[in-house]
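What follows is a set of notes on a single structure, which appears directly below.
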Amino acid sequence: MVELEKGRINLNSKLDGMVPLITDSLVMAVFLGVLFRNQARI
């Protein structure tokens, strides 16, 4: 039972580590999309 709890905590910390990466890539995608849209307009 203790091992299972450890695994669960480990998984949560891994997800917490990945969330900033996902949000960063989303921000970059939106930023690039806006840039390309502005260039297409010119």
Legend entry - Cα coordinate range in the chain, projected on the principal axes (Å, largest first): 62, 9, 5
Inset, instruction - Within the set of other residues whose C-beta is less than 13 Å from the C-beta of I22, count the net charge using Lys and Arg as +1 and Asp and Glu as -1. - result: -1
Legend entry - Between helix 2-41 and the chain: long-axis angle, C-alpha atoms, 0 to 90°, nearest 10: 0 degrees
Inset, instruction - Set the Förster radius R0 to 35 Å, insert the Cβ-Cβ distance between N10 and F31 as r into 1/(1 + (r/R0)^6), and round the FRET efficiency to 0.05. - result: 0.60
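Only the coordinates and a few stated rules stand behind these numbers; no lab work does. Note that this is a predicted model, so its numbers are computed, not measured. Heads up, the Cβs are rebuilt from the backbone with ideal geometry, glycines too, and the neighbour counts pull from every protein chain shown.
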